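A.B. asks: Next up is a structure, given as structure tokens.
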Amino acid sequence: MLKRLTMKKSKHAFKKAKKFIPGGVNSPARAFSAVDMEPIFIERGEGAYLYDIDGNKYLDYVNSWGPMILGYNPPEVKEKLSLQLEKGTSFGAPTEIETEIAELITDFYPAVDKVRMVNSGTEATMSAIRLARGFTNRDKIIKLEGCYHGHGDSLLVDAGSGIATLGIKGSPGVTKNTALETIVVPYNDRLSIKKVFEKFSDQIAAVILEPITGNMGVIDPGKDYLDFLREITRENGSLLIFDEVMTGFRIARGGAQELYDIKPDLSAFGKIIGGGMPVGAYAGKKEIMDYVAPDGPVYQAGTLSGNPMAMQAGLATLKELKDKKVYAELESKGAKLEAGIKNNIEKLQFPAVFHRVGSMFTLFFSELEVKNYQDVKNCDLELFAAYFKEMINSGIYMPPSQFEANFISRAISEQDIETTIDKNYEVLKHLKSKL
Ligand SMILES: *Cc1c(COP(=O)(O)O)cnc(C)c1O
């Protein structure tokens, strides 16, 4: 049997946090509520590992929910942050770093001519939607079920991630009229979106989606489906928005749009783009981006947007990712993990399905194929919770929800991958004996 880790200090810290912070956390996904545990309080991170305040060490597959593709505390980023710290942390005036990072992004993304920096992924998608509405002079948007685009009002309808983890459909506080302008269709399904376009052809400002999902676990709809969306939006004068907050700079340097060679009209970025600092960005074709203030009429602003500390961390991270070798390495580690875990599933005849794209993966506790949000909701969530608990106790830190993606960072070694495969086998074997 597995020994239980001591989490006494975390328990105490959580009790105190709950007194002063709603739910004790500043973002619901951290609360561990779906796995019937309490969150682990972190002391520090180094490379592929996290250390909690009780002194436990974990091999990490959360990557701070995506940003830490280089691992924790990478020297390249630390160095730039220290330099900037000497100069000052915020000016609210332009710096050359902002242009440098924007230029680098346009290098990586052929569909992007101009980039506007914001402070989170939520702000990026919110602003992209406003811009799409302003630019097309239309109100409605189509969102795909199970995709999460941050907590902006228009997008908080049938969203994945924390909303799915908590088992709720939307949120009180989002007005009926706002929700009515958002039409939700199932992921990976052409007929329903065709029908919506037939009915509302000249009213749809944009279709927004995660081109490969992470926020209902990893689901890759494939190139044909994304080509179909590119086509149908073009035919109807709607914009296609790829929310690559998670997949951007992650599954490939140029995100899903590089992988599948598709040019969306607008893209939203976040996570990796800030290298662990709070950053988001929206970006796209010049004609559309020039519609943003001060050159255009669509207003969007930010006191801390393009903040020099954040830009330094982002730029240092993106510079490391310039070398495509990083992605080849991540792919090879991912492939090794995939082969190992699939082998475990096979050997144990375990009811689970493994999905992976590059360094993003999810183990679904399902006997059936997983192609959309309903399929994820039909997974054995109790079995997932049991798996999660045993993995944590084996020193493997993963997202505490079936509706999330795991991430492999550059810092994870071949040895770490082997350890993970071994632990996965032990845990699945133990769970199987109880099925
Ligand atoms: C994380 C995420 C967001 C929201 O980003 P925040 O920085 O948490 O606001 C939006 N879209 C996708 C696809 C994400 O994964």
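The values are calculated or read from the model by the stated rules, or taken from the named source; none is laboratory data. Because the structure is a prediction, the values reported are computed rather than measured. Reconstructed Cβ throughout: ideal geometry from the backbone, glycine too, with neighbour counts over all protein chains shown. The area values use the complete protein model at the heavy-atom level, side chains included, leaving out ligands, DNA and RNA. Shrake-Rupley method; radii C 1.70, N 1.55, O 1.52, S 1.80 Å.
A.B. asks: I'm told E46 meets every condition in (1) under 24 Å from G274 (Cβ atoms); (2) crowded, with 16+ Cβ neighbours inside 10 Å; (3) of a type in the set (D, E, K, R) except one. Can you identify the failing condition by its number?
C.D. replies: (2)
A.B. asks: Here's another thing I want to ask about it. Among the residues in the range 199-209, are any away from the ligand (no atom under 16 Å from the Cβ), open to solvent by less than 20 Å² (accessible area, probe 1.4 Å) and in contact (Cβ under 8 Å) with a residue 12 or more places away in the chain?
C.D. replies: Yes, the range 199-209 contains at least one residue that is away from the ligand (no atom under 16 Å from the Cβ), open to solvent by less than 20 Å² (accessible area, probe 1.4 Å) and in contact (Cβ under 8 Å) with a residue 12 or more places away in the chain.
A.B. asks: Related question: Identify, please: which residue in the range 170-198 is part of a loop (DSSP other than H, G, I, E, B) and touching a residue at least 40 places away in the same chain (Cβ under 8 Å) and is, among those, least open to solvent (accessible area, probe 1.4 Å)?
C.D. replies: Applying the filter and picking the extreme gives Y187.
A.B. asks: In the range 388-401, which residues are farther than 19 Å from N215 by Cα and either more than 22 Å from the chain's Cα centre (by Cα) or in a helix (DSSP H, G or I) (or both)?
C.D. replies: K389, E390, M391, I392, N393, S394, G395, listed by residue number.
A.B. asks: Any idea which residue in the range 5-34 is farthest from P400 (Cα to Cα), counting only those that are in contact with a helix residue (DSSP H, G or I) (Cβ under 6 Å, 6 or more places away or on another chain) and at pLDDT below 95?
C.D. replies: Out of the qualifying residues, it is L5.
A.B. asks: Give L166, L104, L83 a once-over and let me know the one that is away from the ligand (no atom under 16 Å from the Cβ) and open to solvent by 30 Å² or more (accessible area, probe 1.4 Å).
C.D. replies: Exactly one of L166, L104, L83 is away from the ligand (no atom under 16 Å from the Cβ) and open to solvent by 30 Å² or more (accessible area, probe 1.4 Å), namely L83.
A.B. asks: Quick one: W65 ticks every box in (1) open to solvent by 20 Å² or more (accessible area, probe 1.4 Å); (2) within 16 Å of the ligand (Cβ to nearest atom); (3) under 15 Å from A411 (Cα atoms) except a single one, so which number is it?
C.D. replies: With respect to (1) open to solvent by 20 Å² or more (accessible area, probe 1.4 Å); (2) within 16 Å of the ligand (Cβ to nearest atom); (3) under 15 Å from A411 (Cα atoms), W65 is out only on (3).
A.B. asks: How many residues are open to solvent by 20 Å² or more (accessible area, probe 1.4 Å) and either in contact with a Pro (Cβ under 6 Å, 6 or more places away or on another chain) or assigned to a helix (DSSP H, G or I) (or both) when one looks only at the range 353-382?
C.D. replies: 7
A.B. asks: Out of the residues in the range 107-156 that are within 13 Å of Y282 (Cβ to Cβ) and hydroxyl-bearing (S, T, Y), which is surrounded by the fewest Cβ atoms within 10 Å (Cβ to Cβ)?
C.D. replies: The extreme case among them is S120.
A.B. asks: What pairs come up if the first residue lies in the range 287-298 and is assigned by TED's automatic domain parsing to the domain that holds G134, the second is acidic (D, E), and their beta carbons are under 7 Å apart, counting only those six or more places apart or on different chains?
C.D. replies: I288/D265; M289/D113; G296/D290
A.B. asks: Mind listing whichever residues of the range 221-254 are within 17 Å of the chain's Cα centre (by Cα) and closer than 19 Å to Y187 by Cα?
C.D. replies: Those that are within 17 Å of the chain's Cα centre (by Cα) and closer than 19 Å to Y187 by Cα: P221, I241, F242, D243, E244, V245, M246, T247.
A.B. asks: Further, regarding this structure: Which ranges mark the strands (runs of 3 or more DSSP E) fully within the range 210-321 that have 2 or more residues being open to solvent by less than 30 Å² (accessible area, probe 1.4 Å) and touching a Lys or Arg at 6+ places or on another chain (Cβ under 7 Å)?
C.D. replies: Hits in the range 210-321: 280-284.
This table checks each residue for (1) of a type in the set (S, T, N, Q); (2) over 30 Å from E390 (Cβ atoms); (3) not assigned by TED's automatic domain parsing to the domain that holds G160.
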position	(1), (2), (3)
H12	no, no, yes
K15	no, no, yes
K19	no, yes, yes
G24	no, no, yes
R30	no, no, yes
A48	no, no, yes
G55	no, no, yes
K87	no, yes, no
L104	no, yes, no
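A.B. asks: Six or more apart or on different chains, Cβ atoms under 6 Å: show the pairs whose first residue is in the range 114-139 and in the same structural domain as E98 (by TED's automatic domain parsing) and charged (D, E, K, R) and whose second is more than 15 Å from the ligand (Cβ to nearest atom) and open to solvent by 60 Å² or more (accessible area, probe 1.4 Å).
C.D. replies: K114/K286; R138/Q203
A.B. asks: So, restricting to helices (runs of 4 or more DSSP H) that lie completely within the range 21-138, which ones have at least 1 residues that are under 26 Å from I208 (Cβ atoms)?
C.D. replies: Here the list reads 96-108, 121-136.
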